[in-house]
Amino acid sequence: MMRLERWFNKSSFWLRLLFHRREADQALDEEIQFHLNEKTEQYIEKGMTPVEARRAASIELGGVEQVKEQVRTVFVGAWLEIFTQDVRFGLRLLRKSPGFTAVAVLILGLGIGANTAVFSIINGLMLHTLPVQDPAQLVELLHQYPGEPAFNGFSWNAYQILRDGNHVFSDLIVGSVNFFKVRADTLQPQTVFGGNVGGNFFQALGVRASAGRLIGPEDVQIGHHAPVAVVSWSFWRSRFNLDPGIVGRKIVIGDNDAVTIIGVAERGFYGLSDEAQQDIWLPISLGPSSGWGFGLLGRLKPGVSIQQARAEMAVLFQTIANLPDAGPFVTKMKLRIEPAGHGVSTPLRAMLSSPLLVLMVVVGLLLLLACANLAGLLLARAASRQHEMAVRACLGAKRGRLIRQTLTESLLLSMMGTALAMLFAYVGIHGLIRIFASGRQMIGVPVHWEALSKPDWHVLLFTGVIAIMTALLFGLVPAIQACRPVSAQPLQETARTGESRSQRRFGKSLVVSQVALSVVLLSSAALFVGYLLELRNLDPGFRRDHLLLVTLDTAHSGYQTAEYARLSEQLVARLETIPGIESATVSSMSPMQGPGASASAFETGHPDNAHSVSINNIGPRYFETYGTPLLSGRYFSAEDKDKPPVAIMNQAAARNCFGDENPIGKHLTLSHITLTKGEITYEVVGLVEDAKYNDLQQPAPPTIYRYLAQQTFSGSQLAVRTRIAPDAVAAAVREVEFSVLKTVPIVRSITMNEQINASIVPERLIATLSGWFGTLGALLAAIGLYGLLAYTVTRRTHEIGVRMALGATRSDVMAMVLRDALWTVCAGLVLGAPLAFWANSVAVSLVHGLPVKSPVSIVFGGAVMIVLALVAAYIPARRAMGFDPMMALRCE
Amino acid sequence: MIDSVTEDISLSKPSDLVQGTLDMLLLKGLALQPMNGLALSERLRQISGDVLQVSDGSLYPALHKLEQEGWITAEWKVSEKGRRAKYYSLTRMGRRHLERETDNWGRLSGAISRVVKLKET
């Protein structure tokens, strides 16, 4: 109680001062004046003249201003004034050594900037919560087929079963995503990304309308086709200029009748993912009703944990898998439930979350290294200022004041570094986003890259905290050192050597820690770069050089399938006559393009031994153009056009369906083919080598190749094998294509190598950045080591002189210096190796497919540091070798 | 370049006192009766028979520090002569602190007296 009262009295005093500074000043003035006047009157009463009385009173007081000043030092303001003094003093000091300041600010800028950049992207991609009610309660349901990533997509049947049978969700929200072709009298025909949503979508999410009303249960009755739509706020603004007449406007979606816009969603709501923003929502009854494209989001009942939900829903999902008409895929699926407060999972997030986490760790380690480096620098400076500090202490400066001053210097450096860091971060963020955007585009989902770089108070807070922590980390040591020797001895001692033993030990341990961190960075860089090189040199099952890929947009060609097939044959023939082109082919998919069609395959008559396969529909010279060897059987030929369906398998598919037997001549049945009903039986006519299909990291999937001419699909992927550089023939290819297929535009034209590179952008990014940061870290550590060695040599000059006088040769002296260097590096290795081992295992768990080669990479890191240490030791060693013994002995 | 803020308040008159003792005296003075700074310093001089004379320059910083610590509070009142002045009075906390300090001082001065009174041989 007593303490509380005292605290209360104190704080009310401070608060009054804080907010009424001017009044407090005036009051003080008045108080002092009163004293002066009273004293003056007393002296007048005693007989002095007014002037004398006033003078006497003033002298006794000691001057009004001085008194006021003294009182002010008790005030809060004085504290600020002292702080300003410290800052000015610190700035002066930093100006005196511009080289040091520039280097320190640069290092800090790079370190803090890198951290801010990576964190900013992580924040935008993974930490941003959805603008809905209680996002923490939201979870998304995913199905996972073994070997494939989890996907949020269910059938309508499954949705109904899950909705009606669960007790853990207060709401189960259903929706599907789609591109809509939108038209209106005031609107140009355009493609808008949006979705079909269930009746409780907006309600359950707690999204309000900023105009009109939102889709509700009444719009989604069975049989009742409510032609309504809701648009997003930014759609309203950009297309309709916030016209209040938006409610009731009619627009046309696709080829259907007009729908009425009944409302606008609240500002800032764009669906369930920040990266894939939706602008228009239609009732689910207006959309497709088949397939597994319905996304499910659940709101947990209060008090229900996600584990409980997982347990119950897993059982419920089993009943779906056990339904009689469940396909072969469904029976093997498992249900997964993940928190969705930060938006539903998107391909972008799946692709980028691990690489970003890895990068975060790397830049974090780099910043630590930079701090140790700066601490060493400041320590050296503090040592040289020891003398000055001792003098000041003798002359009465308080210990706390000295610490405060040195800490202010560090804060100043940190602030300047942070300012520079903002610039680096801006450049870094946009550079990273550009790199991500150059990667493989996800089919069917737009990506709003701006969502990744939204500046957010999270990021600012993060940067501020880092800046302060950094300042404390590298500034604390010199500050503590500054406060220690407040005695007479340092005045003599430090004038000479400038450092105490404990300081030297600490300086050495700083360098050792830098070497350790550097080893960690180098070894992980080695891991990632090694992985990338492996991917680059991987044999993908086809020849990746001299291959030009052209994507055609066949959707609106106006050609019938048969006509198109004939024309594409003509195109291929014409292309092969172009000089420089060896062969050409047409297919539905090209390797590394992304996921394609799939099916369930089994040897005809053995439906229980069904396996999942990937499908590609190809033209005649597919394998020659791509360079995939034929192992047995034959390729497709023109005669197959009118024969019963034929197929070519790769080794993996043959092994799965036919075991060790030769599949040639046998029959294969495909069921549940993507976008196709029923089963089709094929005669196997050829066996080819495995080739990578979707990406490099995964093994080649079992693949079935069908003959395009026997299909009703149009092949949209043109591939051309060239004898010369692929880019050289690109123009000729365009010309020929346009002349043969006038209404089919070319969407994209790249080389196979470019396509492969686009598919491994995350791996390339990690390898490049970790390589650069590893190099930077190693250089910093080497510079730190150099500084330490140079200083040691200077300090031990006398000792070296003695040794030389006693018979040591020049090479002995050099060996001494080198030994010193190597011992430091070894200490760093001993510390760093286990750390690197642990870091590498974390990296392996984060980056799918990273080969575990820790020992090799750690040895690499160690070797690099040893080499750098020897290089760093070279100059100090030479200097030591060049000492004249007489001079050295005289040096005290 | 060398700057320092010395905190010791030295009195320019006859006896030099340590800051803590000055605080105790001021608090005691205010315990007798709330008054303004000038009146307080005169009262102390009067009671101590002109021995304890707090210099005007040290009085106000000391008073404001006591106020900061929460041991005294201030109030603007009109003096007998009709002018506005700041009147200080003791808080409960201040009273407790004063008791403590008085006890300490009693023990300290008793001990010093015992040492000083020892007969020299």
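The values are calculated or read from the model by the stated rules, or taken from the named source; none is laboratory data. Please read these numbers as outputs of a predicted model, since none were measured by experiment. Using ideal geometry, Cβ is built from the backbone for each residue, glycine included, and neighbour counts are taken over all protein chains shown.
Descriptive notes on the structure:
- Residue within region A:813-831 that is surrounded by fewer than 16 Cβ atoms within 10 Å (Cβ to Cβ) and of a type in the set (S, T, N, Q) present: no
- Residue within region A:470-485 that is in contact with a His (Cβ under 9 Å, 6 or more places away or on another chain), β-branched (Val, Ile, Thr) and modelled with pLDDT under 80 present: no
- Among residues of region B:6-39 being touching a Gly at 6+ places or on another chain (Cβ under 9 Å) and surrounded by fewer than 16 Cβ atoms within 10 Å (Cβ to Cβ), the one that is modelled with the lowest pLDDT is B:6.
- Residue selected from region B:70-118 under the condition hydrophobic (A, V, I, L, M, F, W, C) and touching a strand residue (DSSP E or B) at 6+ places or on another chain (Cβ under 8 Å), by the criterion farthest from the other protein chains (Cβ to nearest Cβ): B:98
- The residues on offer are A:409, A:388, and the sole one that is at pLDDT below 90, more than 12 Å from chain B (Cβ to nearest Cβ) and outside any loop (DSSP other than H, G, I, E, B) is A:409.
- Number of positions in region A:661-685 that are surrounded by fewer than 16 Cβ atoms within 10 Å (Cβ to Cβ) and among the acidic types (Asp, Glu): 2
- Residue in region A:646-667 that is assigned by TED's automatic domain parsing to the domain that holds residue A:709, acidic (Asp, Glu) and either in contact with an Asp or Glu (Cβ under 6 Å, 6 or more places away or on another chain) or under 17 Å from residue A:598 (Cβ atoms) (or both) present: no
- From the options B:96, B:114, B:100, residue that is assigned to a helix (DSSP H, G or I) and loosely packed, with under 10 Cβ neighbours inside 10 Å: B:114
- Count - residues of region A:691-717 that are over 21 Å from residue A:638 (Cβ atoms) and either of a type in the set (D, E, K, R) or out of contact with any Leu (no Cβ under 9 Å at 6 or more places or on another chain) (or both): 11
- Boolean, residue A:84 is over 30 Å from residue A:273 (Cβ atoms), without any contact (Cβ under 8 Å) to a residue 12 or more places away in the chain and of a type in the set (Ser, Thr, Tyr): yes
- Qualifying residues in region A:710-729 (those that are out of contact with any Phe, Trp or Tyr (no Cβ under 9 Å at 6 or more places or on another chain) and of a type in the set (D, E, K, R)) - the one surrounded by the most Cβ atoms within 10 Å (Cβ to Cβ): A:727
- Of all residues in region A:593-613 being crowded, with 23+ Cβ neighbours inside 10 Å and in contact with a Pro (Cβ under 8 Å, 6 or more places away or on another chain), the one that is nearest to residue A:539 (Cα to Cα): A:613
- Any hit, region A:230-252, residues being modelled with pLDDT under 85 and crowded, with 22+ Cβ neighbours inside 10 Å: no
- Residue in region A:49-60 that is surrounded by 15 or more Cβ atoms within 10 Å (Cβ to Cβ) and in contact (Cβ under 8 Å) with a residue 60 or more places away in the chain present: no
- So residue A:263, is it of a type in the set (Gly, Ala, Ser), not in a strand (DSSP E or B) and not assigned by TED's automatic domain parsing to the domain that holds residue A:121: no
- Among the residues of region A:285-331, those that are part of a helix (DSSP H, G or I) and either touching a helix residue (DSSP H, G or I) at 6+ places or on another chain (Cβ under 6 Å) or among the charged types (D, E, K, R) (or both) comprise A:285, A:310, A:312, A:316, A:320, A:321, A:330, A:331.
- Residue match in region A:734-752 (condition: touching a strand residue (DSSP E or B) at 6+ places or on another chain (Cβ under 8 Å), assigned to a helix (DSSP H, G or I) and surrounded by 15 or more Cβ atoms within 10 Å (Cβ to Cβ)): yes
- Some residue of region A:640-663 being outside any strand (DSSP E or B) and in contact with a Cys (Cβ under 9 Å, 6 or more places away or on another chain): yes
- One residue from A:174, A:192 being closer than 27 Å to residue A:164 by Cα and modelled with pLDDT of 85 or more: A:174
- Enumeration of residues in region B:28-60 that are more than 14 Å from chain A (Cβ to nearest Cβ) and either within 22 Å of residue B:91 (Cα to Cα) or aliphatic (A, V, I, L, M) (or both): B:28, B:29, B:30, B:31, B:32, B:33, B:34, B:44, B:47, B:51, B:52
- Condition check for residue B:55: touching a residue at least 12 places away in the same chain (Cβ under 8 Å), under 20 Å from residue A:56 (Cα atoms) and surrounded by fewer than 16 Cβ atoms within 10 Å (Cβ to Cβ): yes
- Of all residues in region A:700-720, those satisfying the criterion of being in contact with a strand residue (DSSP E or B) (Cβ under 9 Å, 6 or more places away or on another chain) and β-branched (Val, Ile, Thr) are A:703, A:704, A:720.
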